[in-house]
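Input: a single structure, listed below in structure tokens.
The values are calculated or read from the model by the stated rules, or taken from the named source; none is laboratory data. Being a predicted model, the structure only gives us computed values, none of them experimental. Backbone-built Cβ (ideal geometry, glycine too); neighbour counts: all protein chains shown. Quick note on the areas: whole protein, heavy atoms, side chains included, nothing else; ligands and nucleic acids left out. Shrake-Rupley method; radii C 1.70, N 1.55, O 1.52, S 1.80 Å.
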Amino acid sequence: MPVTPFHRLLGTTALSDSATGVVVVAGTLIAESATGSPLAVAAVSTAGSLPWLLFAVPAGVLVDATDRRRLLRLAQLGRGLVLLVAGLLLSAGLSPVPVLVVSVFLAVCLQLLADTAAEVTVPELVPPEKLTGANGAMSVATRLSQQALGPAVAGLAASLAIGLPALAAGIACLAAALLLRGIPLPSAPARRSGTGLRGGLAPVLRQPILLVLFAVSGTAMAAYAAFLIVFLGHARGPLGLSATGYGLLLGASGVGAAVGSLLSGRGERLCGRARLLRLTRVGWAVFFAAPLVLSGWALGVVMTVASVLGGMWQAVAMSVRQRTAPRAELGRVGGAFRMINYGSTPIGAALGGLLGVLAPPAAVFAGCAVLMLVTILPLRRWVSAERLAAAEERARAE
């Protein structure tokens, strides 16, 4: 099979996200080993998550206002240089926490630009009928590289030398930039109006379909974070899972979500986009409700299978965004969704901690499940097949 520009973009994403997994996980490990302070670990972790909340929308505005081809390459080159310098400074014996906080923060800010530019480039590289499948492949690449390969490399590299994780991550980013060299990445037309936070959110706020997807996605991320906070105590207590068993259970669910991403294109062809979006909410409702009635291997199987269905959301919702938003606004739409997804996670975690004190676990699990079923109602009302077709037609005309 010939290597297409999309395959090279996919390889770039895998390398870039592996670098992110390495530097964020290794950063917290190094901070803990060097200081033993939870505050130092929290500082590095916050440096890796804060950019998504603060700069996701500005990154989308920048992607829409500049040459996306150049921005994608420069972001990878910038990340590579930042991480190589960080690796050299750590190897030279500088105080690790300040170096890690600054380098992780800058690297993730540049990742925002790279990820957003890559997302808006995908529709230019694949035909419309293959868009959901392509988004599914991008999602799987991110899951496997950032959540599996990156942390594994981080642990090994950090055990060998303090500067090695950053050096390895920097080399991966430079390789990602090299992989992009010479391939014809299309440049979408720029629309320079509407800068700032309000301008960045405007494409979502004026489009009912995008606004509903925005709200449903944020609700689901908050519910998932709250669920995990409460489920940890339930799993380690009444369910009697060891730390290894708990990790394997969540790992299997992650694999299920990755399989769902791979199958999203087939699911869309079989059910249609509108119906599949609603079915993914059923999948997550089953995931959240499973601990109410199941334990042991049966719980693992049901949660994994439910994750397959729920995991299709990301790829299908992304293809809807790409098809219903004008090309010149895709960066802002992608940035807005990144902000709500990552911004909802700490809110959900805080809510989960509060509910864990005030309510029994069963009430939290049931509440999360019911909430997912309730989100089907706005999807059914505003994200019907007819509305999707009309929105896609308007987007093509703009």
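Some points to look at:
- DSSP loop trypsin sites (Lys or Arg not before Pro) with at most 12 other Cβ within 10 Å: longest gap in the chain: 207-398
- The stretch 77-142 versus the stretch 345-398: alpha-carbon centroid distance in Å: 28
- Where chymotrypsin sites (Phe, Trp or Tyr not before Pro) fall in DSSP loop in the stretch 255-340, at most 14 other Cβ within 10 Å: none
- Other residues whose C-beta falls under 13 angstrom from the C-beta of ALA317 contribute a net charge of +4, scoring Lys and Arg +1 and Asp and Glu -1.
- Cα gyration tensor shape for the stretch 295-359, rounded if a/c is under 1.5, else prolate or oblate: oblate
- Rg(Cα)/(2.2 N^0.38 Å) for the stretch 259-319, N = residue count: 1.14
- Placing unit charges on each Cβ (+1 for Lys and Arg, -1 for Asp and Glu) gives the chain a dipole about its Cα centre, and among VAL85, VAL126, LEU113 the Cα reaching farthest toward its positive end belongs to VAL126.
- Gyration tensor (alpha-carbon) shape descriptor, the stretch 102-168, a/c threshold 1.5: oblate
- For the stretch 329-398: rounded, prolate or oblate by the Cα gyration tensor [a/c cutoff 1.5]: oblate
- Average accessible area per residue (Å²) across the chain - probe 1.4 Å, nucleic acids and ligands excluded: 43
- Protein heavy-atom surface of the chain, 1.4 angstrom probe: 70% of the accessible area is carbon and sulfur, with nucleic acids and ligands not counted.
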